[in-house]
Amino acid sequence: MRTTTWAAVSGALAVALGVIGGELTAAAVSPSVSPVSAVGSFVIDVLPPGVKDWAIAWFGTADKTVFLLTIAVLILVLALAAGVLEHRRPFAGRAVVLAFGVLGALAVASRPQASLVSFVAPVTAALVAILVLRALLRSLDRWTREPGSDQVGPAPARRRFLQGAGGAVVVVAATGAAASVVRSGQSTVTRQRSAITLPAPVGSTPPAEGSFVPDGAVLDVEGISRLVTPNDDFYRIDTALVVPVVDAAGWSLKVTGLVDRDVEITFDELLALPLVERHVTLACVSNTVGGDLTGTARWLGWPVRDLLARAGVRPGADMVLSRSVDGFTAGTPLDALTDDRDALLAVGMNGEPLPVEHGFPVRLVVPGLYGFVSATKWVTELEVTRFADASAYWSTRGWSTRGPVKTSSRIDVPRSGRDLPAGDVVVAGVAWAQHTGIGRVEVRVDGGPWQAATLATPVSADTWVQYRATLPLEAGSHTVQSRAIDRDGGVQSAADVAPAPNGSEGLHTVSFTVT
Ligand SMILES: Nc1nc2c(c(=O)[nH]1)N[C@H]1C(S)=C(S)[C@@H](COP(=O)(O)O)O[C@H]1N2
Ligand SMILES: [Mo]
């Protein structure tokens, strides 16, 4: 290999060791902010909203993987360049690495969870990378100046360089392997989570509306959305590159702001309160018509209104700014948290403690509002305030401040592009109008008249409802559409509206062929 190639390899190895040193240091002294996660989150925060929407639209929930890969490739390219630069002119490569370190430190500084010790990690990363780069390139230099360096035999300087580089490769590979073992193994939080026994909900005899699944709520149609989405299939949307690790034993939630008294509640205190269980359909504002960023779970939690009552909301307040450990905020209209809709401080999802990605140990679930204004995961503070005085994460990034879920429906069966046998075609799916409830669902074929679909028994106004219709269709290509009508007579909008800034509108249209 040519000397330049070896210099580039040295750069990559030095930066890899630096990154590893930084991450290990962070794991030891400041687990909530590591340089890599800080840089990623920082970039996510400063990225223009349009780019984020584009990424979500193109890569769906895989957008984080694509994003991480992009960053990794960028860093690799710069690291290779740093090696080559350092070889041409001592200090030039180290300057690039130093600039990286400064950027890392700035990113760490931008994180709300950062404290003074968090800076030890980016400093360590830069130091390790600079020292390794210098050592490898000095050794490479000695090799190139060694008499007979053009020969193939193992001259001492060549051997020394290769030993150094080989050692670095071994360290990188070993920590990589160790890291994946740690990750796939039981992390403290996963262990803690599985040790938790959730209390039973109160008031289950007679069952409160929404707490159980009545007869007839599930239709027997192959391919229809499950009434209750299993936790593993539940969509996940958040700005957290690395899932926040929150120790339940150390967790507490503070209620602050326009209240008569600040209130703080621990996880154990929360579990001891009378918890209720409700089937609530969550929806993401980024969901496109017919999309899959929506799901239904049975949430166990304590009504937020009871917590707010403890604190005593002062007159003049109209919004609650909920804060997550990772700095995410949502601004929820006070009404939605205090009216009869059972907005919950949730600890359980489908009979289990919240999965870590869905907000362990505690999150908010507010029926009728999109997640970005209400469903704060890993929640640690509720600040009672005014819309005029505070703005939340997405509202400062081009999305609206209020986020009521728009009435909508989706066709699960048949799937687009299918060939179906002639005769009766089953059209089925789910419809939602949280807080108001679904009144009826209609379907139409090839733009013809709307026809009533059969509704399953609704679980509650906050739960989506399955529907089906059987349509006799002749051979040929067809399109079907669905529309939901809520209990107040509000009809699902047919306008073609994109998700930004307050949710998509339109009719889900499925095209298929009958043969
Ligand atoms: N801490 C935190 N909570 C958050 C978010 C986030 O980015 N960070 N995203 C919100 C959005 S936009 C949605 S749609 C819901 C999604 O919840 P889920 O991932 O459990 O489906 O979480 C909300 N809660
Ligand atoms: Mo969302």
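Take Val430 and decide whether it is touching an Asp or Glu at 6+ places or on another chain (Cβ under 9 Å) and either among the polar types (S, T, N, Q) or not assigned by TED's automatic domain parsing to the domain that holds Thr256 (or both). Break it down stepwise before answering.
Numbers: touching an Asp or Glu at 6+ places or on another chain (Cβ under 9 Å): yes; either among the polar types (S, T, N, Q) or not assigned by TED's automatic domain parsing to the domain that holds Thr256 (or both): yes.
Yes.
Residues of region 316-344 that are of a type in the set (Asp, Glu) and touching a residue at least 40 places away in the same chain (Cβ under 8 Å): Asp318, Asp326, Asp342.
Against the test of being under 17 Å from the mean Cα position of the chain (by Cα) and buried (at least 19 other Cβ atoms within 10 Å of the Cβ), the options Gly11, Gly22, Gly83, Gly40 yield a single qualifying residue, Gly40. Residue selection: Val289 fails the criterion of being under 30 Å from Gly316 (Cβ atoms) and either within 16 Å of ligand 2 (Cβ to nearest atom) or of a type in the set (S, T, N, Q) (or both). Selection of region 212-261 for residues being buried (at least 20 other Cβ atoms within 10 Å of the Cβ) and of a type outside the set (A, V, I, L, M, F, W, C) yields Ser225, Thr229, Asp238, Pro244, Gly257. Looking at Val285, is it out of contact with any strand residue (DSSP E or B) (no Cβ under 6 Å at 6 or more places or on another chain), within 11 Å of ligand 1 (Cβ to nearest atom) and β-branched (Val, Ile, Thr)? In short, yes.
Taking the condition of being more than 10 Å from ligand 1 (Cβ to nearest atom), under 18 Å from Asn502 (Cβ atoms) and not in a loop (DSSP other than H, G, I, E, B), how many residues in region 370-387 meet it?
Matching residues across region 370-387 total 0.
Could you tell me whether any residue of region 309-331 is more than 11 Å from ligand 1 (Cβ to nearest atom), under 18 Å from Pro199 (Cβ atoms) and surrounded by fewer than 24 Cβ atoms within 10 Å (Cβ to Cβ)? Spell out the reasoning first.
To start, the set of residues in region 309-331 that are more than 11 Å from ligand 1 (Cβ to nearest atom) comprises 309-321, 331.
With under 18 Å from Pro199 (Cβ atoms) added as a condition, the list becomes none.
No, because not a single residue in region 309-331 is more than 11 Å from ligand 1 (Cβ to nearest atom), under 18 Å from Pro199 (Cβ atoms) and surrounded by fewer than 24 Cβ atoms within 10 Å (Cβ to Cβ).
Consider Ser10 carefully, then state whether it is over 19 Å from Val132 (Cα atoms) and touching a Leu at 6+ places or on another chain (Cβ under 7 Å). Here the answer is no, as Ser10 does not meet what is asked.
Could you list, in sequence order, all residues of region 471-491 that are surrounded by 13 or more Cβ atoms within 10 Å (Cβ to Cβ) and under 30 Å from Ala297 (Cα atoms)? Result: Val480, Gln481, Ser482, Arg483, Ala484, Ile485, Asp486, Arg487, Gly490, Val491.
I'd like the full set of residues that are of a type in the set (D, E, K, R) and farther than 24 Å from Val373 by Cβ, limited to region 234-255. Steps first, answer last, please.
We begin by selecting, within region 234-255, every residue of a type in the set (D, E, K, R); these are 236, 238, 247, 254.
Matches in region 234-255: Asp247 only.
Residue-by-condition table, conditions (1) acidic (Asp, Glu); (2) more than 24 Å from Ala8 (Cβ to Cβ); (3) in contact with a Cys (Cβ under 9 Å, 6 or more places away or on another chain):
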residue	(1), (2), (3)
Glu86	yes, no, no
Pro90	no, no, no
Ala107	no, yes, no
Ser110	no, yes, no
Gln113	no, yes, no
Pro122	no, no, no
Val128	no, no, no
Leu136	no, no, no
Ala157	no, no, no
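Screening Ala121, Ala129 for residues that are at pLDDT 90 or above, aliphatic (A, V, I, L, M), in contact with a Ser or Thr (Cβ under 6 Å, 6 or more places away or on another chain) and within 30 Å of Asp326 (Cβ to Cβ) leaves exactly one candidate, Ala121. Pairs linking a residue in region 354-380 that is under 21 Å from Pro404 (Cα atoms) to a residue that is among the basic types (Lys, Arg) and away from ligand 2 (no atom under 14 Å from the Cβ), with Cβ atoms under 6 Å and 6 or more positions apart or on different chains, are Pro367/Arg341. Tell me yes or no: at least one residue of region 336-358 is farther than 20 Å from Thr190 by Cα, polar (S, T, N, Q) and within 16 Å of ligand 2 (Cβ to nearest atom). The answer is no; no qualifying residue exists. Here Pro274 fulfils each of the conditions (1) more than 16 Å from ligand 1 (Cβ to nearest atom); (2) under 13 Å from Val366 (Cβ atoms) apart from (2).
Is it the case that some residue within region 443-454 is of a type in the set (Lys, Arg) and in contact with a Lys or Arg (Cβ under 9 Å, 6 or more places away or on another chain)? So that I can check it myself, show each step before the final result.
In the first step, residues of region 443-454 are kept if they are of a type in the set (Lys, Arg); the result is 444.
Restricting the remaining residues to those that are in contact with a Lys or Arg (Cβ under 9 Å, 6 or more places away or on another chain) gives 444.
Yes - at least one qualifying residue is present in region 443-454.
If you take the residues of region 492-515 that are among the hydrophobic types (A, V, I, L, M, F, W, C) and in a strand (DSSP E or B), which of them is surrounded by the fewest Cβ atoms within 10 Å (Cβ to Cβ)? The residue in question is Val497. For region 25-37, the candidate set comprises residues that are within 16 Å of Ile71 (Cβ to Cβ) and in contact with a helix residue (DSSP H, G or I) (Cβ under 7 Å, 6 or more places away or on another chain); within that set, the residue that is surrounded by the fewest Cβ atoms within 10 Å (Cβ to Cβ) is Val36. In region 380-401, of all residues being within 16 Å of ligand 2 (Cβ to nearest atom) and closer than 10 Å to Ala330 by Cα, the one that is surrounded by the fewest Cβ atoms within 10 Å (Cβ to Cβ) corresponds to Thr401.
Every condition in (1) out of contact with any His (no Cβ under 7 Å at 6 or more places or on another chain); (2) within 16 Å of ligand 1 (Cβ to nearest atom); (3) not basic (Lys, Arg) is met by Phe267 except one, and the failing one is (2).
The values are calculated or read from the model by the stated rules, or taken from the named source; none is laboratory data. Keep in mind that this is a model prediction, so the values were computed, not measured. Note: ideal-geometry Cβ built from the backbone for every residue, glycine included; neighbour counts use all protein chains shown.
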